[in-house]
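Just below is one structure, and these are the notes that go with it.
Throughout, read-outs are computed from the coordinates displayed, never taken from laboratory work. Computed from a prediction, not measured in an experiment: that's the story for all the values here. FYI the Cβ positions are ideal-geometry reconstructions off the backbone, even for glycines, and counts take in every protein chain you see.
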Amino acid sequence: MPNFIVDCPQDLVSMQKHVKLMQTISDAAEATGLFNPQDIKVRIRPYEYYLVANKQQDFMHVFGYIREGRTDEQKAMLSRQIVSALKQLFPEFPVISMNVMEFDNVSYINSRML
């Protein structure tokens, strides 16, 4: 934990910018001090077909999934830090956004916890 899943155009992946995109998100998340760097996971879901504001224009949305326990201020800071880093990397993208959702501690489990 945490998991960051990026929705974006398929063209981004074909332009070979996906590795830099994932590293930028990982670095920005680590820089917040909220997570152990070894726990940060980033994945990309590229889309071939999409509309943004009724047009096919570039977009990027990051879904952050974290375990509960962070304050609203920490979650907002995480979103700001990642979106800011991505805007520097992709200044030509008109839409870059992010939201953070929490897993509750009661139901979350991974194989290392067994």
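Structure values in brief
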item	result
Neighbour-limited loop hits for trypsin sites (Lys or Arg not before Pro), the stretch 5-114 (at most 10 other Cβ within 10 Å; DSSP other than H, G, I, E, B)	none
Considering only the chain, percent of DSSP beta bridges that pair antiparallel, nearest 5	25 percent
Reported label for calculated mean projected area of the Cα convex hull in nm² given [x] 8.6; [y] 7.9; [z] 20.2	[y]
